[in-house]
Structure formats: structure tokens, C-alpha cells
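What follows is calculated from the coordinates using simple rules that are stated; it is not laboratory data. The structure presented is a predicted model; accordingly, all values stated were derived computationally and were not measured. Cβ atoms come from the backbone with ideal geometry, glycine included; neighbour counts cover every protein chain shown.
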């Protein structure tokens with residue numbers, strides 16, 4: 001049982017009823033169902049921004065790393081500060097960090113910072129990095145009340161203690177709690193409609209904070225494998241953290257995260273508002289993602305990546321996690337071996353050869369075909385500092 | 001006249017976070033048995049992040065949906081409910097006939113315990129998740145605006161406020177003349193209760209979500225820097241600190257010479273609080289963020305489910321598969337355990 005399920009299940013004492021997607025009627029040796037048609041409803045007359053994905057620097061990914069940035073699971077605020085400044089200057093070609101940030105943010109912006117707290121506390125967007133981003137945005141003249149740190153689930157933000165760790169004045173928004181259904185916090189006219197497995201609710205709605213409140217989004221994904229999508233990076237953090245009712249896209253062993261992740265990222269105004277992606281690779285989860293708390297599968301490479309292109313960024317992330325898995329003798333994320341599929345959460349969390357779904361790392365290349373960025377590794381300008 | 005929230009009127013009362021202002025973990029001279037059944041179940045209609053409190057025949061529970069419920073413990077039925085203008089993450093506290101709690105609209109409300117009507121409100125500039133604590137007729141609370149506030153507990157009129165260096169989610173420990181509180185800037189503060197003057201501030205390595213306990217001139221608290229700290233209450237000098245595996249949002253409960261606190265690494269730790277020597281540590285869940293409570297014969301904590309541990313060995317003696325929580329704490333009454341779950345279900349277990 002994963003932690004999210006564990007917390008929920010612990011509350012009502014009926015864990016087996018709550019494990020999403022574990023349908024014994026669907027066996028690993030069954031053929032994948034055909035992808036259903038997916039209907040997207042974005043803002044009809046929204047004028048696309050040139051800053052929107054893939055943004056000002058398509059195909060460019062800056063990677064900075066310092067092993068001293070994280071020592072025994074603790075992140076160094078001063079080193080993160082240096083890493084982020086170097087990366088931003090390299091990405092933009094500007095000589096000052098302030099000028100680099102000014103390419104994306106104006107003083108009048110309402111800036112959303114999309115965190116990923118879903119693996120908290122073991123691996124989530126580091127508050128130290130969020131603090132640096134907030135400081136940089138504020139240095140441009142954006143007042144704290146116009147900075148919104150957000151994600152879908154308020155209880156996951158709470159588990160990460162972001163509310164206590166971020167500066168005063170900044171708004172911290174959990175779009176929903178884990179136990180309330182309905183569309184409160186979501187925009188009913190902006191949605192993705194598809195029937196994947198015969199579910200009763202076929203729509204996933206866009207968060208109102210994205211649709212109506214923020215004018216720019218800085219996306220802060222973490223570096224993790226994902227049991228359904230292969231990896232969770234910039235694309236998935238945006239898509240599945242902006243739309244509700246997304247767990248329905250995967251039911252063991254099958255996953256429609258490809259093409260849904262990319263499709264959701266094309267919906268306006270999400271696409272245009274997402275101007276910068278800062279991947280927190282201080283920790284790297286190479287198995288058990290996105291929710292694992294098992295430290296055996298979490299490395300601490302001290303990486304930070306910045307890009308305006310989420311496809312290129314996730315392509316680099318996928319390569320890195322594949323490499324780590326290979327070092328540990330774990331099968332490739334591309335492997336679709338029916339014997340590796342298990343409905344047993346405990347087996348999945350503690351055995352890197354097991355998985356819950358046939359992973360879909362192809363969602364990254366699919367997003368590339370939708371024009372969201374560069375997926376071909378040879379075409380990516382990957383600068384390692 | 002009641003001057004503080006620390007004095008239960010009856011044996012079973014549990015008027016504030018961890019039972020009383022002394023954060024003794026609600027220890028009671030009665031046994032806590034493994035529950036066999038739920039006597040009643042109450043649905044709060046929204047997630048419950050905070051802990052319930054008990055006053056005689058009323059259990060008071062605050063919901064993130066903004067509704068504060070007063071539940072008749074004999075029947076599990078609603079006596080009244082108060083709808084606040086915003087979400088309520090704060091653990092209520094009882095003061096005389098008033099129930100005090102913070103709200104995300106930046107205010108602390110006092111509600112009449114019999115009628116559920118508003119008595120007064122006190123304002124801050126951002127959400128109040130901490131629990132108001134009353135001592136000598138003054139209510140103290142921290143706010144996410146970075147200020148600590150003192151207000152007349154009978155009227156809500158402001159007495160003073162003091163800006164600290166970060167968001168305050170830690171609940172104040174109110175001693176006779178001094179206040180102790182953790183802050184998002186990573187410091188543990190001691191302030192003069194009368195004026196709010198900062199007497200000392202001791203830094204830790206990261207922000208603080210935990211609420212302090214004070215025993216024998218020692219301040220005990222956890223930090224997101226992974227350490228449990230023990231400070232000299234008079235000077236703020238670090239007496240000892242102990243490193244856990246991850247950050248600490250849990251708060252200490254104290255019984256005898258032992259302090260117990262959870263860590264996000266999934267363990268519950270028991271220390272000899274004078275020396276910092278570890279008595280035991282026990283894995284109770286993947287993540288522990290709630291405070292433990294201490295009964296005569298068991299330490300209870302909500303971490304995914306409800307766990308009861310032997311105080312001397314740390315061995316888990318029973319567990320119940322309900323009661324997942326972020327900050328909720330079970331209320332241990334003589335014959336009943338009252339439990340609030342994150343999903344908004346409230347139970348009376350016997």
C-alpha cells in the first residue's frame with residue numbers, strides 16, 4: 001500500500017477498498033485496451049504566449065550539480081542559491097541572475113510555483129529550492145502576496161511542512177483535500193474528457209488557481225521514476241498536478257499516461273503560463289516513485305536542472321534514471337514484462353524488479369510530437385556545469 | 001474564575017492540545033485498553049487536521065471545511081456547530097465557557113461552549129493554525145504572518161503583538177511569566193509574557209513546525225533540521241540535541257523523566273529528557289507528524305492508524321486500523337478513546 005493510500009486507508013480502516021486501480025479482473029497478460037478518444041477544452045480565445053512551452057529556449061537544458069548540495073539528506077541553502085544562479089545565467093545567457101529571471105517574470109505577475117509534495121517527506125520539491133525561487137521572484141519586485149505556492153492536495157503540502165518553512169506573505173494553496181470530491185477549486189469549463197476504463201466521471205478539470213489566478217507558472221518537479229508513466233518530471237508535475245481526477249488514467253497493469261500527460265499540457269492557459277521548469281534533483285528516486293519512502297531507492301546526487309522545455313528536461317531525467325536503474329541491476333523503465341506486474345504494494349515498494357503497471361515513458365516523446373519540446377536526445381542542448 | 005486552559009474541571013477533561021498547558025501528554029491515572037468497538041461514529045463533513053478536545057460531556061472538533069462541531073459524547077450527536085469563514089486547521093482550546101480556535105481567515109474566534117455562538121474575535125494578518133493557549137487570562141497565539149499575539153481571553157482585545165522571523169505554526173507553551181514557541185525561521189523563541197519582549201532566541205538548522213514542552217527548566221522541541229532539542233529555559237542554551245532520520249513536525253509529550261516525540265522518518269523516540277539518552281525508538285508508520293500522548297500504561301500516537309506502545313519498552317501493544325492523521329491526537333478519557341481522522345470521521349472507541 002502506498003503512503004497516500006495508507007493515510008487515507010488508515011482513516012477509515014478499510015484499506016483494501018481504497019487501493020486505486022488494483023482490479024483483479026485485469027491481468028498482466030491481457031492485451032492493452034485501445035486508447036480512447038480524448039477531448040480537450042481549454043480557454044477558447046486565449047492568446048498563446050511566446051513564453052509558453054517549449055518557451056524561450058527550446059531544447060536547452062542546464063544541469064548543475066554539487067554533491068555537497070545535499071549531505072545526509074539535508075540540503076544546503078547557500079549551495080542551492082549558487083547552483084540556481086549559475087543555471088539561470090547559463091540558460092539565458094545573461095550575466096546577472098536578476099536579468100536572467102527578468103526574462104520570465106515581470107513585477108506585475110501573479111507567480112505560481114507548482115511544487116511536487118507527493119513523495120513528502122522522503123522526496124518532494126525541496127523547501128530550500130522553493131525559498132530561492134521566491135527570493136529571486138521577489139527581487140524583481142513581485143510582492144509576496146502575488147506569489148502562490150500550490151499543488152493539488154493540501155495534506156501532502158502539510159506533510160512536507162511547506163507552510164512553516166516558506167517566507168511570510170507568500171500564499172500556500174492546496175487545491176483540495178484528499179477526501180472531498182466535486183469540482184470546488186476547479187474550473188468546470190476547462191477539462192480533459194475521456195473514458196479510459198468505464199469510470200463514471202470521465203472529466204478531469206483544470207485547477208482554478210491555474211485558470212484564473214496566476215499569470216506565470218514556475219514548475220518545480222522532482223526527479224523520480226513513476227509506476228505508471230515511467231518518470232514523473234516537468235510534464236507530469238504540470239499535467240497531473242493541475243487537473244483533478246487523474247488516477248483513473250491507469251489501472252493495473254495498463255496506463256494511458258501516454259498520451260494524456262502531454263495532451264493536458266497543451267491545454268490553455270496552462271501551456272502559455274508555464275514559462276520555466278526547475279527540476280529538483282537533489283534526490284533521485286529510481287524505484288517506487290512517486291510516493292516511496294524507502295530510502296534504499298533514493299540517491300542524493302545534488303542535481304538542479306533548469307529549462308523552458310519540459311520535454312527536453314524530462315528526456316534528460318529519463319536517461320538519468322535509466323542509468324541509475326542499470327547500475328543497480330533494475331530492469332529498464334521501458335520493459336513490459338507481464339511477470340513483473342504485481343498488485344502487491346509491499347512487493348512493489350521493496351523490489352525494483354516489480355511494478356504495478358506497464359510504464360509509459362513514451363509519454364515524453366508523445367509530448368514532443370505535440371510541440372511541447374524536443375524529445376530527441378541528440379537534438380537537446382544539454383549543458384552540464 | 002478560570003485563568004488558563006490548563007486546569008481540567010473534571011477527571012476526563014482534555015481542554016487543550018496534549019491535554020493541558022503543561023504538555024504532559026494528557027497523562028491520566030487510568031488504564032488505556034485496546035478498544036474493541038466504536039460506540040459511535042460522527043462525520044465532520046471535511047478533513048480534520050487538528051486534535052479534538054474534551055470538556056465534560058462535549059467533544060469539540062474543528063474541520064478544514066471551516067465547521068467546528070460540538071458533539072455530545074454520550075450519543076455521538078451534534079449539539080451545535082459553528083461555521084467559521086475559512087478552513088480551521090487549529091486545535092481548539094477551552095477557556096471557561098469559551099472555545100478558542102484559529103482560522104485561515106487570520107482570526108482567532110471564541111465561541112460559547114453551550115450555544116455555539118461567537119463571543120469575540122481577534123485578528124492577525126494571515127492564517128492561524130496554532131492552538132490558542134490561555135494563561136493568566138491572556139490568550140496567546142502565533143500566526144502565519146510571523147507575529148505572536150496576546151489578547152484578553154475574556155474579550156479578545158489585543159494586548160500586544162511581536163514580530164518574529166518567520167511563519168508561526170507552533171503552539172505556544174505559556175509558563176507563568178514566559179512564552180516559548182518555535183518559528184518558521186528556525187529559531188526557538190522565549191518572550192516575556194507580559195510584554196512580548198524577546199528574552200532569547202536559539203537557532204536550529206531549519207524551520208520549526210513542532211510545539212514545545214517545558215519541564216524542569218528545559219524546553220523540548222523538534223525541528224525540520226531532523227534534531228530534537230533540549231534548551232535551558234532561562235538562557236536558551238542547547239543542553240542536548242538528538243538527530244533523527246528526517247524532519248520533525250511532531251511535538252513532545254512528557255511523562256516522568258521521559259519525553260516522547262515522533263519524526264517523519266517513521267519512528268517514535270523516547271528520551272530521558274534531562275540527558276537526551278535514548279530509551280527506545282519504535283517504527284510506527286512510514287511518516288509520523290502528529291504528537292504522541294501518554295496514558296498510565298500506554299503511549300498512543302496516530303500515524304496512519306492508532307498505535308499504543310508500552311512506555312517502558314516502546315513495544316507496540318495494540319493498534320487500530322483507523323485514525324490516520326497529520327496533527328491529530330487521541331483524547332484518552334477514562335473509559336473511551338476519542339479519535340479524529342484526517343478524512344473527517346470522528347470515533348468514540350471503547
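What's the angle, to the nearest 10 degrees (0 to 90), between helix A:310-327's Cα axis and the longest principal axis of chain A? Here the helix axis deviates by roughly 60 degrees. Mean per-residue shielding of peptide B:314-326 is 3, counting Cβ atoms of other chains within 10 Å of each Cβ. The mean of 1/r over all pairs of different alpha-carbon atoms in region B:175-248, once inverted, gives a Kirkwood hydrodynamic radius of 12.0 Å. Kindly identify region A:158-202 as rounded, prolate or oblate by the Cα gyration tensor criterion: order the square roots of the eigenvalues as a ≥ b ≥ c, call it rounded if a/c is under 1.5, otherwise compare a/b with b/c, prolate if a/b is larger, else oblate. Cα axes put region A:158-202 in the prolate bin.
I want to verify the translational diffusion coefficient of region A:192-338 in µm²/s; compute it with Stokes-Einstein, Rh as the Kirkwood radius over Cα pairs, at 25 °C and 0.890 mPa s. After rounding, the answer is 154 µm²/s.
Peptide B:140-148 shows a mean partner chain C-beta count of 2 within 10 Å per residue C-beta. Equivalent ellipsoid of the protein assembly as shown: semi-axes from √(5λ) of the C-alpha gyration tensor, largest first, are 42, 28, 25 Å. Highest mean packing first, where packing is the average number of other Cβ atoms within 10 Å per residue, the peptides B:204-212, B:289-297, B:144-152 line up as B:204-212, B:289-297, B:144-152. Relative to the longest principal axis of the Cα atoms of chain A, helix A:127-139 runs at roughly 40 degrees. Note on residue A:339 and residue A:67: with the Förster distance fixed at 41 Å, the Cβ-Cβ geometry gives a FRET efficiency of about 0.65. In region A:268-329, the alpha-carbon atoms span a convex hull of 94 Å³ per residue.
Counting every other Cβ atom within 10 Å of each residue's Cβ, A:308, A:266 order from fewest to most as A:266, A:308.
When restricted to Cα atoms, region A:171-225 yields an Rg and a Dmax of 13.6, 38 Å, respectively. Among B:319, A:283, a tally of other beta-carbon atoms within 10 Å of each Cβ gives an order, fewest to most, of B:319, A:283.
Using every Cα-Cα pair within region B:234-350, state what percent have a distance larger than 16 Å. For region B:234-350, the fraction of Cα-Cα distances above 16 Å is 57 percent. In plain terms, if you count all Cα to Cα distances in chain A and split them into 20 Å steps from zero, the share in each step is 30, 62, 8 percent. P(r) tail, chain B: Cα-Cα pairs separated by more than 32 Å, 21% of all pairs. With a 10 Å cut-off around each Cβ of B:203-212, the average count of Cβ atoms from other chains is 3. Judged by the gyration tensor of its Cα atoms, with axes a ≥ b ≥ c, region A:222-283 is oblate; a/c meets the 1.5 cut and b/c is at least as large as a/b. Taking chain A as a Gaussian network of alpha-carbon nodes connected by springs under 10 Å, the highest mean-square fluctuation of the residues A:272, A:307, A:95 belongs to A:95.
For chain A, a Gaussian network of Cα nodes joined below 10 Å ranks A:212, A:81, A:350 by mean-square fluctuation, and the top entry is A:212. Cα centroid separation, region B:237-293 to region B:113-146: 28 Å.
Between the helical axis of A:3-12 and the longest alpha-carbon principal axis of chain A there is an angle of about 60 degrees.
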